[in-house]
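Written below as C-alpha cells is the structure these notes are about.
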C-alpha cells in the first residue's frame, strides 16, 4: 500500500523567519495556510503591562486616566485597551465623567492665572462700583461700540481694554476702561471679534 504524498511543504532551501515578537526563535510552517507562521506558538500578543487587570484598574480609576492616554503610552490603538477592559469586566466611564476635573486650572484654555476669585471679590467691593459709575458717567451711559443707552440695571459693563489678569496696574486706570452694553461686551470676548476690537 502506497502512502499519499505530503503536500504543502515549505519551499526547498528556505529558512524559517524569526518570530515577530522579537524573541529570536524561528517560526513553524503552517501546512493548512501553506505559509510560515508569524509567531512562535504562544508568543502572539506578548503580555504587556496594560494586560494586568489590577494595574489597568488603578490607572483608569485611581489615576483617572483615559483609555486614549493609556493607549498612547504603549503605542497601541485605543481599541486594544478597550478590549482588555471589556475582558476584565472594567466598566468604562461616560464622556462627562471622563472629562471631570481634566480641564480645570492651568489645563483649561481660558486659564488666566487664578485671578477669577480675586476679581469676583473686588467686583462686590464698593470702591469698584464707584469706579464703574465714573466710567459710565464719562461715557454718557452709552455703549461705546453700538451707541445703546442704559436700559436697565447691569445693562452696561465696564470693560478693560488691557486684560484684568495681564495688567494688574491698570485695573483702576480710567484710560484702560470703556463702557459696553451687555451684548457688545460678550461679542468683544467672542471668536467673532476677529480684529480684536476693544482689546489691546
Practice task
Work out, step by step, the length gained on full extension between residue 35 and residue 57: first 0.36 nm times the residue separation, then minus their alpha carbon distance; give nm to one decimal.
Solution key: 4.0 nm
Exercise for the section: Can you bin the stretch 116-188 into rounded, prolate or oblate? Criterion: square roots of the alpha carbon gyration tensor eigenvalues sorted a ≥ b ≥ c, rounded for a/c under 1.5, prolate for a/b above b/c, oblate for the rest. Expected result: prolate
Fill in the blank from the handout: Rounded to a whole number, the Stokes-Einstein D of the stretch 49-99 in µm²/s (Kirkwood radius over Cα pairs; 10 °C; 1.306 mPa s) is 147
Practice task
For residue 25 and residue 88, calculate 0.36 nm times their separation in residues minus their Cα-Cα distance, and state this gained length in nm to one decimal.
Solution key: 19.6 nm
Handout entry: Where labels lie 7 Å past Cα in the beta-carbon direction, separation of residue 189 and residue 64 in nm
Key = 2.5
Fill in the blank from the handout: Going from the fewest other Cβ atoms within 10 Å to the most, one would list 182, 138, 63 as 63, 138, 182
Practice task
Please identify which residues in the stretch 158-187 have an amide N closer than 18 Å to a label point set 7 Å out from the Cα of residue 137, following the Cα→Cβ vector.
Solution key: 158-159, 172-180
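Readers should treat all values here as calculations from the given coordinates under stated rules, not as data from a laboratory. Quick caveat, the model's predicted, so the values are computed rather than measured. Neighbour counts are summed over all protein chains in view; Cβ atoms, including those assigned to glycine, are modelled from backbone coordinates with ideal geometry.
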